[in-house]
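The values are calculated or read from the model by the stated rules, or taken from the named source; none is laboratory data. Not measured: the values here are computed from a predicted model. Every residue, glycine as well, gets a Cβ built from its backbone with ideal geometry; the counts of neighbours run over all protein chains shown.
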Amino acid sequence: MPSFAPWLHNLDNTNDPDLAALQAFAAGAAAWPYWSDQRKGYQDVIENANPQNKSDLIATLAEKYGEWKAEEKLSGQPQGPLQWIANNVSVLALILFGVVIAAAMLVGLFYPRFYTSLATTEQARGLITFLFVLCTSGVILLTAIAIFWMDDKDNIKDRFAYAKDLLTIIIGVLGTILGFYYGLQASSGATMGITNVTLSKPIAKTNDKVTFTGQVVGGKGPFTGTIEFTDPTGAVPEVATMKKDIKSDTGSISQTIDIPTVSKPGSLLFILTARDEKSAQAAQWTGVMPVQP
């Protein structure tokens, strides 16, 4: 069966003056969409041209388009690929969604590193946040397109009300997730600390090796940090060389410090600082180490 434009052109208009008028208009219209099977395209041409018999032309177009659709169904002739796609956009969208979900599951099954990474709280929380932001942005974009480009202007108010209700729900969920996530990140610094700091020698002497031990509590490893020394008594001229970096996967601290030359009895102040994997939490311990030559 031919497409609508040639079908309309070949109709016998002997006893139908309205059809003859529509065919005459189509023959003289430079923008007549002969390549399309969508009635709206033909109606738009008539409305833009605004002829005196516009209402009659539109009514005849609707009547003949209905007859063409009925004959198309009776003929059983399959639609063209573009027409089929235009008439089944929602079905194709559902199929695409199913394919994406199936592909994600297959990737997770054959590459288990993805599922293993979800066992980490931060990884799972980040994935959920990303998915909700992506879905919310997609719905907002879809709503905007529907408002400004959809053909059915009469139902735009009702459809926008439904879209607004959907947006309210997903934005509420998104706001709850993001608020909890970033609120937790901001307030979690107080839960981290350093305890049980001890020195292997009560008094350090020149060329001694003193081991500092302690335990980081709270936060999430691996941990990094430093031990820094100050010399308010002037007993150790090379005190700056005593600074050491700390690394620990479990939070257990054990760091050996080489004592440089001690010129006179005195005391060194030390500050032990630790940070968690995100560098979002920090803890300090301040102490005194007596020294003598």
*Quick one: would you say ILE203 is surrounded by 15 or more Cβ atoms within 10 Å (Cβ to Cβ), at pLDDT 85 or above and outside the structural domain of LEU134 (by TED's automatic domain parsing)?*
no
*Give the residues of region 16-45 that are among the small types (Gly, Ala, Ser) and surrounded by 12 or more Cβ atoms within 10 Å (Cβ to Cβ), sorted by residue number.*
ALA20, ALA21, ALA24, ALA26, ALA29, SER36, GLY41
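Got a sec? Which of SER55, SER90 is assigned to a helix (DSSP H, G or I), within 33 Å of the chain's Cα centre (by Cα) and either modelled with pLDDT of 80 or more or loosely packed, with under 10 Cβ neighbours inside 10 Å (or both)?
Being assigned to a helix (DSSP H, G or I), within 33 Å of the chain's Cα centre (by Cα) and either modelled with pLDDT of 80 or more or loosely packed, with under 10 Cβ neighbours inside 10 Å (or both) holds for just one of SER55, SER90, which is SER90.
So that you can scan it fast, the table gives a plain yes or no per residue for (1) in the same structural domain as PRO222 (by TED's automatic domain parsing); (2) of a type in the set (Gly, Ala, Ser); (3) modelled with pLDDT of 75 or more; (4) surrounded by 10 or more Cβ atoms within 10 Å (Cβ to Cβ):
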{"residue": "SER75", "(1), (2), (3), (4)": "no, yes, no, no"}
{"residue": "PHE97", "(1), (2), (3), (4)": "no, no, yes, yes"}
{"residue": "ARG125", "(1), (2), (3), (4)": "no, no, no, yes"}
{"residue": "ILE128", "(1), (2), (3), (4)": "no, no, yes, yes"}
{"residue": "THR136", "(1), (2), (3), (4)": "no, no, yes, yes"}
_Unique match (being surrounded by 13 or more Cβ atoms within 10 Å (Cβ to Cβ), touching a Pro at 6+ places or on another chain (Cβ under 8 Å) and either outside the structural domain of VAL139 (by TED's automatic domain parsing) or at pLDDT 80 or above (or both)) among GLU228, GLU277, GLU238_ = GLU277
*Confirm whether LEU22 is part of a helix (DSSP H, G or I) and touching a Ser or Thr at 6+ places or on another chain (Cβ under 6 Å).*
yes
_One residue is enough: does region 226-234 have a residue meeting the conditions farther than 22 Å from LYS201 by Cβ, in contact (Cβ under 8 Å) with a residue 12 or more places away in the chain and not in a strand (DSSP E or B)?_
no
